[in-house]
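A.B. asks: The structure's right below; bear with me while I get my questions together.
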Amino acid sequence: MHVNSKRTKISNMFRTAIQRLTSSSSIAAAATAFGAATYAYTFDNPVSASAKADDSSEMDAIKAWMKETDVKLAKLEANAVSSGASSIMDTSKATNKIDIVLGAQWGDEGKGKLVDMLGMHYDVCARVAGGSNAGHTIVVDNVKYKFHLVPSGILHPATKCVIGNGVVVHMPQFLKELKGLKEAGVDTTGRIFISDRAHLVFDFHQAVDGAQESKLGRNKIGTTKKGIGPAYASKISRNGIRVGDLQDWEYFEERFRALVSSTMSQYPSLNVDVEEELKVYKEIASKIKTMTIDTIEYVNSQHKNGARILVEGANATMLDIDFGTYPYVTSSNPSVGSVLTGLGVSPNKLAGIYGTVKAYCTRVGEGPFPTEQLNDYGEHLGTVGAEFGTTTGRARRCGWLDIPQMQYSAKINGYTALNLTKLDVFTGLKSVFIGTKYVDADTGKPIHSMPASLRQLYKVKVIYEELPGWTEDISKCTSFEDLPPNAQAYVHRVEELIGVPIRWIGVGPGRRDIIYRDV
Ligand code: GDP
Ligand code: IMO
Ligand code: MG
């Protein structure tokens with residue numbers, strides 16, 4: 001056969017392999033087609049399939065197809081082997097609209113786990129708000145991954161990750177996470193991008209965070225001391241420094257010196273070694289150069305080309321600077337609005353808005369918590385649920401599910417489905433409770449909306465509904481029908497009270513430990 005027609009034949013074989021991958025979910029069929037194409041290609045280039053045998057554009061195209069096929073195969077393989085995770089989504093309903101996983105309560109609801117599990121079905125996974133105050137734990141085959149800045153989709157080899165403009169980035173923490181991933185054998189090369197518009201968190205922002213908390217004394221917020229508030233304050237004061245500024249060293253240096261000087265004028269006891277910091281950041285600038293991009297352009301063009309995009313919310317609605325229990329909140333808007341402002345996409349691109357809610361409720365840090373249980377129930381939830389902060393290791397305060405809070409959260413975010421996590425933690429309790437209503441403790445009158453006044457919120461009386469518990473271990477349940485009747489009844493009642501379908505139910509920390517309901 002003439003060399004050119006042979007190549008055309010091989011090209012067609014690769015094309016077929018790609019088409020099979022795109023049109024079917026059968027690894028076997030795709031792998032067979034890919035194998036045949038690779039064999040033919042290798043046969044045609046006896047040195048090695050990757051050797052530079054020919055410079056023709058056809059050969060380049062073949063190599064590109066091989067790479068593309070490889071990535072798609074890896075993705076399909078991940079689908080198949082990821083511990084049943086492929087069954088947690090009805091992919092036939094998939095569109096290229098943007099889906100969002102949000103924290104519906106006070107954080108730590110289990111967002112990271114859902115993002116990790118859904119991640120394989122998406123081409124892009126993005127963070128849009130917060131910073132390293134977030135702590136998302138993922139357990140894969142008993143290996144624990146803790147992410148603070150890197151999006152949880154990173155564990156899927158074909159998923160690209162984006163840190164959007166709304167995030168505040170502490171670069172040393174970000175690079176530490178990348179190093180940890182490399183050591184764990186996860187290749188992030190060419191798969192993670194940071195917005196050139198995202199703001200930087202410096203060590204001195206963290207020192208200021210600590211100083212502010214000390215100054216507040218017993219009125220402290222209970223922050224994570226990751227410098228989040230001070231970094232967003234720099235951003236809003238318009239003397240913040242952005243990730244992209246690192247690529248224009250003269251400009252960066254000028255802004256850095258000015259920012260340190262203005263911060264030191266407010267905190268004279270602050271100790272900042274400017275020259276040393278500049279040295280560190282010069283190195284960081286070169287390390288992140290290729291990762292720094294215009295993510296607005298990237299995300300919108302990916303969307304235009306049909307890519308599926310998943311947003312990983314950080315923090316949670318009750319910590320939102322506008323909607324949360326101010327001032328006991330974080331300094332960003334972790335509710336649905338942050339997707340628009342923190343990624344630069346329009347509202348008509350949004351689709352699934354998935355609220356993550358614990359079967360009970362936890363909170364780290366200070367502030368009102370109407371359903372908090374400072375008793376044996378709280379002890380059970382904290383101990384069985386291993387409720388210790390991923391970021392700070394602090395014990396989380398525990399209480400019952402708060403329906404007025406969840407109704408408020410659903411109103412703000414418009415959840416299309418809920419992910420109810422940690423139902424397994426109830427096992428062994430004789431009864432479980434749901435806080436269904438707030439009433440004014442003085443007048444006994446019902447309170448129909450979330451009070452803005454903390455004084456009022458601190459003293460609301462919560463009306464509880466008691467439901468029977470269960471003793472069966474539910475961690476091996478794989479369908480809703482497997483759950484004991486009392487656990488099913490709890491899920492139904494929560495669904496009814498919040499008015500949003502519960503699509504996922506968490507029964508353990510691992511990837512396998514989730515029940516999917518087609519609702
Ligand atoms: P995030 O910040 O919302 O991502 O949540 P965190 O990772 O901070 O905290 C949730 C914790 O609960 C993590 O340790 C998870 O591994 C764990 N987890 C998530 N879902 C479940 C579940 O359904 N059952 C149990 N027992 N643990 C879960
Ligand atoms: P993830 O994404 C739980 C809380 C802090 C503190 C308040 C302000 O893991 O759910 P900050 O450091 O942001 O200024 O602290 O907000 N907080 C969180 N609590 N989970 C989080 O994130 C949180 N992010 C911030 O504990 O009460
Ligand atoms: Mg967390």
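A.B. asks: Per the Kirkwood definition applied to all pairs of different Cα atoms, how many angstroms is the hydrodynamic radius of segment 92-246?
C.D. replies: By the Kirkwood definition, the hydrodynamic radius is 16.5 Å.
A.B. asks: Right, something else. Using alpha-carbon positions, what is the distance between the centroids of segment 271-311 and segment 428-503, in Å?
C.D. replies: If we compute the Cα centre of each part, the gap is 42 Å.
A.B. asks: What ranking, highest mean first, results for peptides 357-365, 239-247, 399-407 when packing means the other Cβ atoms within 10 Å averaged over each residue?
C.D. replies: 357-365, 399-407, 239-247
A.B. asks: A follow-up question, please. Would you calculate the volume per residue, in Å³, of the smallest convex hull containing every Cα atom of segment 383-432?
C.D. replies: 120 Å³
A.B. asks: Note the direction-averaged projected area, equal to a quarter of the hull surface, for the Cα convex hull of segment 288-345, in nm².
C.D. replies: 4.9 nm²
A.B. asks: Moving to a separate point now. Let me know the number of lysine pairs in segment 91-196 closer than 18 Å at the Cα, not counting same-chain pairs under 8 apart.
C.D. replies: So the count of such lysine pairs works out to 14.
A.B. asks: Within 9 Å, Cβ to Cβ, of SER475, how many net charges do the neighbouring residues add up to if Lys/Arg are +1 and Asp/Glu are -1?
C.D. replies: Surrounding charge for SER475 is -2.
A.B. asks: Right, something else. Could you compute the net charge surrounding VAL329? Neighbours are other residues with a C-beta less than 9 Å from the C-beta of VAL329; K and R count +1, D and E count -1.
C.D. replies: Residues close to VAL329 contribute a combined charge of -2.
A.B. asks: Between LYS430 and ASN271, with labels modelled 7 Å along Cα→Cβ, what's the label distance in nm to one decimal, could you check?
C.D. replies: In this crude label model, LYS430 to ASN271 measures out at 5.7 nm.
A.B. asks: Related question: In square nanometres, what is the average projected area of the Cα convex hull of segment 378-504?
C.D. replies: The number I arrive at for segment 378-504 is 9.1 nm².
A.B. asks: Within a Cβ distance under 13 Å of ASN239, other residues only, what is the Lys/Arg minus Asp/Glu net charge?
C.D. replies: Surrounding charge for ASN239 is +3.
A.B. asks: A follow-up question, please. Quick check: convex hull of the Cα atoms in segment 103-168, volume per residue, rounded to a whole Å³?
C.D. replies: Spread over its residues, the Cα hull of segment 103-168 gives 82 Å³ apiece.
A.B. asks: Please name whichever of LEU457, ASN486, ILE474 sits farthest to the positive end of the charge dipole of segment 455-519, dipole taken about the Cα centre and charges placed at Cβ: Lys and Arg +1, Asp and Glu -1.
C.D. replies: LEU457
A.B. asks: Given the convex hull of the Cα atoms of segment 134-177, what is a quarter of its surface area in nm²?
C.D. replies: Average projection, Cα convex hull of segment 134-177: 3.4 nm².
A.B. asks: Could the peptides 296-305, 441-450 be put in order, highest first, of the mean number of other beta-carbon atoms found within 10 Å of their residues?
C.D. replies: Ranking, from highest mean packing down: 296-305, 441-450.
A.B. asks: Place a point 7 Å from Cα of THR471 in the direction of its Cβ. Which residues in segment 361-396 have their backbone N less than 14 Å from it?
C.D. replies: No residue passes the distance filter.
A.B. asks: Taking Cα atoms of segment 207-247, Rg/Rh with Kirkwood Rh, to two decimals?
C.D. replies: 1.10
A.B. asks: For segment 216-272, compute Rh as the Kirkwood radius over C-alpha pairs and then the Stokes-Einstein diffusion coefficient at 4 °C and 1.567 mPa s; write the answer in µm²/s, rounded to an integer.
C.D. replies: In µm²/s, the coefficient rounds to 101.
A.B. asks: Still on this structure, please answer the following. Mind pulling up the Rg/Rh value for segment 154-302? Radius of gyration and Kirkwood radius, both on Cα.
C.D. replies: 0.99
A.B. asks: Hey, how much of the P(r) for segment 462-513 falls beyond 17 Å, as a percent of Cα pairs?
C.D. replies: Within segment 462-513, distances greater than 17 Å cover 41 percent of Cα pairs.
A.B. asks: So if R0 is 35 Å, what FRET efficiency would GLU495 and ASP141 give, r being the distance between their Cβ atoms, rounded to the nearest 0.05?
C.D. replies: Taking R0 as 35 Å, the efficiency between GLU495 and ASP141 is 0.65.
A.B. asks: Rounded to two decimal places and with Rh computed the Kirkwood way over Cα pairs, what is Rg over Rh for segment 287-397?
C.D. replies: Answer for segment 287-397: 1.07.
A.B. asks: FRET efficiency for VAL186 and GLU481, Cβ-Cβ distance as r, R0 = 41 Å, nearest 0.05?
C.D. replies: 0.70
Rule-based calculations on the coordinates, nothing more; no lab input. Everything quoted here is computed from the prediction, not taken from an experiment. Note that each Cβ is placed from the backbone with ideal geometry, even for glycine, and that neighbours are counted across all protein chains shown.
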